[in-house]
Every structure is written in structure tokens, then in C-alpha cells.
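Working notes, beginning with the structure itself.
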Amino acid sequence: MGNCFSDVKGGQQAVGGAQRSSHQTAISGNAGGNDAAHLFFRSKGLHSLYAQIEYYHTITWGFLRLLLSFSSCKRWNRIEYSTFGINLFSRKKNCSTNMRRDRCLTKRKLSLSASKLLDRDIASKMLKLKDQEFLGEANCVLSEIVTKRSPNLTLHLQNKNGRSGLKNLGTLSVHAEETVASGIAFEITFRCSQLVNKDLFSKSDPFLRISRLVENGGSVPICKTEVVSNNLNPIWKPLSLTMQQLGSKDNPLVIECFDFNNSGNHGLIGKVQKSIVDLEKLHKEKTGANFILPSSRHHGHEKVLKSQLFVDGFREKKVYSFLDYVSSGFELNFLVAVDFTASNGNPRSPDSLHYIDPAGRLNAYQQAIMEVGEVLQFYDSDRRFPAWGFGGKTYDGSVSHCFNLNGSASDSEVEGIEGIMAAYSSALYNISLSGPTLFGQVINKAAEIATHSLSHNISKYFVLLIITDGVLTDLQETKNALVRASDLPLSVLIVGVGNADFKQMEILDADNGQRLESSTGRIATRDIVQFVPLREIYGGQISVVQSLLEELPGQFLTYMSSRDIIPHSANAPPAHDHHPYGV
């Protein structure tokens, strides 16, 4: 990787900035997925994707009314699944508030306590909640608020057993707003002229690396262009730099031009330091900036080169966040496919991955369905979910690699997460485990649903959860299906259960930056797969949900930007027509 900060095709592809063509756009910083720029940020403890949300709470009970507020920074490169836990306490007459934030990444809860105090002197002291009189509590998931066109939610306070009883304990009203500094990006096309030739038997293979200066005097790379081979007057594809990456239009940027070498020891051709304001001026005046090269002999001296950097294109554009879409009516539609191959073991045996514990303990399949489904269900208005099985012998004795989990011959949908769980449990008693493990048919079925949806509603994005324990028999067909599906509003989440060798799943995940290739040589438009083996989650500090969903908003945004689909106008709410999904 060397100074290239890219492991894509030997480091020759662009990283961290978007290339816009007639059919594809990927906006860096908001639609970012698996690229080396994000890995660089993470390794430095930096986060390029986040949104700050402010929450305003109005709590009423009896004659008492409190207006409270606080704010929280939350990265939106993963699906938000925070839970609010509100607990109210009472003591004496005067009122104050005490706020506590639990930073657990798996199910982060924001808790608030309201207490009555004796006087201001006591108010300055830390209260012991056990000494307070409990008034009521309320809970909600953040997605219940942000998916509404008007992000307000009223909750009824309950007692500690989760019931309101006969007594009216009051209500809690929650209002959330995203407080983003700026949703602006700058699309820039760079070219160079008269670059110094660094190669002996051919011309240089130049690329640009753009870094932002930070307060300590160092710099952080934010993107790089692709490599243009054998060219001293290169023109690169457009880059898209967000205000989140830049900080401000006046922040200095270091733009370095390198000659690419396969060894990673890239040769510096020259560099310039310009802000976005400076680059816009270069574009308007159609002038170039001369590269400089630090002197190797005289410390602090720089040589001005004839080589110049030009800005052929400069465009300011609006960048939309994941929250912009879901709050304007866009939906994530949940689909699930469960592995019914014999390698799971006899469901009636406690050793089986499909064993239904009479004590109520969830098996790995149930756990994945519940944890992922409980998050995604709030992004789906009708909460009717297609659910399939694969690799099992169905009622007619034939092996099917895409059968309806509910046993219906015509309709694969079930009602809610409870419906998926019930259909799964019922299928275990009616379907014989068989094999082999094939993904192609369920991915094609999900793609068929996504394709059908495009004809009447562009506001839907589909998320297929595949839960499996086995090694794929149809790896190439699965690749073919995923490459075709990469043009559709679809993401595929794969959970690996058991102790199988999941190297094939890691290939499908494409986290190494190498996009999937079909048997005909077609390259996937974008990465749509996220794979997580459960055995690496147990005992850790992160949940299945966090691991699976952290890339989903980026995949969603990449698709929307590639189709130039923007959030709906606040004055034009979208229609949510329901079309049942058949077999």
C-alpha cells in the first residue's frame, strides 16, 4: 500500500473521493464503504461519518411539566439502534434533572432521571436514586422517532413492570433534530501539465493524494485519485470532497503528486498547498498552480517546478445523509432466508444449531432474526416481511433452495418479527433438512422483488438477511447473482453460525476492496454484502447488529447517489403502496 493508502487493484484505484459518471456516483464521507481511507481514519481514531442529533423531551404528569434537552453525536455509517430509557423519580417539592449516558455500543441507552429536591443546596449534591420515589418510566428506539416525517413521539409512562395500570402516570414527548454543520460537497476535476518524468524507460504513472492539515502541524489523507499510466499530462476522474472531510472551505489542503510504483515506494513529483477557496479561484481564472519540491540538500528550501496543477471542473453540491432519506419517507424492507441444510444437525437434538430450547433460550438463528429484525422493522411501514428457507425437503419431498417459510404456496410474507419466528419454528417440524448450501436462488428472489419495486416506488431499499452454517456449493453462481443485484436497491447481510470454514463468505464480503466479478467478467457496481461469523461476536464488546449494520447506510447512500435519487420534499410525502411478494 505504501503512500497510496489503497489496497484496491494494487493501489491504483481512487480512494476516499467520488468518481462521477453517467451511471454511477459514490459520495465520499456520506456514502463511504469499504475503502482504505476509512481504514486509515479508524486506525488514527478519527471518524469521518457522524451526525449530531438533539433531543428535546417534554415530560408531563399531573400538574408538573418539565422541558429537557440534550444532544448526542452519533455516527451514521451504521444503522441507529439506540434505545431511550427514561426513568422518573420524585422527592419533596423542588425539581431538577440528572442525566446519565450509557456508552455501551451494543444497545446504547440514554437514561434520564427527574427528581424533586428540598432546596438549592441539596440540588448541588449528587442524589441517591434509591432514596427517591419512582414516578414512571418509558422506552423507545431512536428509529421510531427519526423515521417519522415529523420527528416527534409521545410515550406513556409505565411502572417498573412495564404496565401503566389504572393510574395515569403521564406522558413523555420526544422531539429529535439532526444538527449537521454542513451537507455540502465539492466535485473537483484535476489535471496536471508538464510533470517531471520519474521513470527511466517510460513515462511517470501519476496520481494525486489530498491531505488535510490538522492543528498539531501534521496531515490526514482524505482521498487519492486513480493512477493514470504513462502520462505526464494526466486528467483524473472527478473527486467529491465533503465539508466533513474538509472542515471548512478555508482549511489548507496538501495536494501531492506521486509516481506510482508497485513496491509502494511511490516517488514524489511535487506538491502544492491550497484551500477549497483557492481551488475554486484556479478554476474560475483558468490558471494553474506550480508544484514545489522540497530540497534534499538544503533543509527548508523548496524548488518551484514547471509542472502545474489545474482545476478543470469545480461544482458545489448538496450531500444528503441517511437520516435525510429515512425521515422523508424512504424505507428499508427486511427479508430473511434461513439455512435448512443437514449440516445444522437434527433440530430435535440439543446439539443442533436449529434446536428450539423449551426453556426459551434462543438458538443462533433465532438470535440473528430477533436482533437484526428488531432494528430494521422500524424502517418498514407495513412490517410485513418475506421469509424463506433453503436447502430443505419441502412438503412434496423435493429439495428446494427457496421455499416460503410460512408454508404458503403463493405468499412469502409474514406479520412482524414474531411472524418470522413463528414461521421458522413451524418449518422445523414440517421441513426435512437436506442440502447442498446454495445462495443463488434466494439472492435472485430478493433481486426480483427489488426490481419489481423500482417500477412503482423508488423509496424502498431492501435488506436480505441470510443465516447459514455451511460452505457454499454455488460460489460462482452466488457471485453472479450478487453482481447482478449490485445495480438494485438491495444489500445482503450474511450471518455465519456454527464452526464451518467461512472463507467463501469473506470473499463475498469483499472487504479487501476487490469487488466481485461474475463468470462473464462483469464487475459489481458496488459492494452490497456484509458478513459476520457469530463465533467472533460471542464474548466480544460488539453485537451482531452493530457488526452487520455498520456498512448498510453507506451502501444505501451509494445506491441513492448513483441514481441521483434525493430525499422527498417535505411538502410531498411519498405514497407507500403495498405489493405482496409472492413465491
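The values are calculated or read from the model by the stated rules, or taken from the named source; none is laboratory data. For clarity, every value in this text was computed on a predicted model and none was experimentally measured. Here the Cβ positions follow ideal geometry from the backbone for every residue, glycine too, while neighbour counts run over all protein chains shown. Calculation scope for accessible area: heavy atoms of the full protein, side chains included, ligands and nucleic acids excluded. Shrake-Rupley method; radii C 1.70, N 1.55, O 1.52, S 1.80 Å.
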Which order do the peptides 244-257, 437-450, 473-486 take when ranked by the mean count of other beta-carbon atoms within 10 Å per residue, highest first? 437-450, 473-486, 244-257
With every protein chain present, what is the per residue accessible area of segment 402-454 (1.4 Å probe, Å²)? 37 Å²
Taking a threshold of 32 Å on the Cα-Cα distance, which of the pairs Lys318/Lys503; Lys317/Lys503; Lys249/Lys460; Lys224/Lys286 fall above it? Lys318/Lys503; Lys317/Lys503; Lys249/Lys460
With Rg from the Cα atoms and Rh as the Kirkwood inverse mean 1/r over Cα pairs, segment 363-459 has an Rg/Rh of 0.97
Give me the dipole magnitude in Debye, nearest 20, for segment 186-235 about the Cα centre, with unit charges on the beta carbon: positive for Lys and Arg, negative for Asp and Glu. 80 debye
Residues in segment 382-409, backbone N under 14 Å from the label point at Ala422 (7 Å along the Cα-to-beta-carbon vector): list them, ranges by number please. 384-385, 406-408
At 1.4 Å probe size, with the rest of the protein present, what percent of the exposed accessible area of segment 418-513 is carbon and sulfur atoms? 52 percent
Starting from segment 326-396, pick out the chymotrypsin sites (Phe, Trp or Tyr not before Pro) whose DSSP state is loop and whose Cβ has at most 12 other Cβ atoms within 10 Å. Tyr395
Probe 1.4 Å, heavy atoms of protein chains only: per residue, the accessible area of segment 244-341 in Å² is 46 Å²
If each residue of separation counts as 0.36 nm, what is the full-extension length gain between Lys281 and His156 once their alpha-carbon separation is subtracted? 39.3 nm
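Label segment 422-516 by shape, choosing from rounded, prolate and oblate, from the square roots a ≥ b ≥ c of the eigenvalues of the Cα gyration tensor; if a/c is under 1.5 it is rounded, and otherwise prolate applies when a/b is larger than b/c, oblate when it is not.
Since a/c reaches 1.5 but b/c is at least a/b, the shape of segment 422-516 is classed as oblate.
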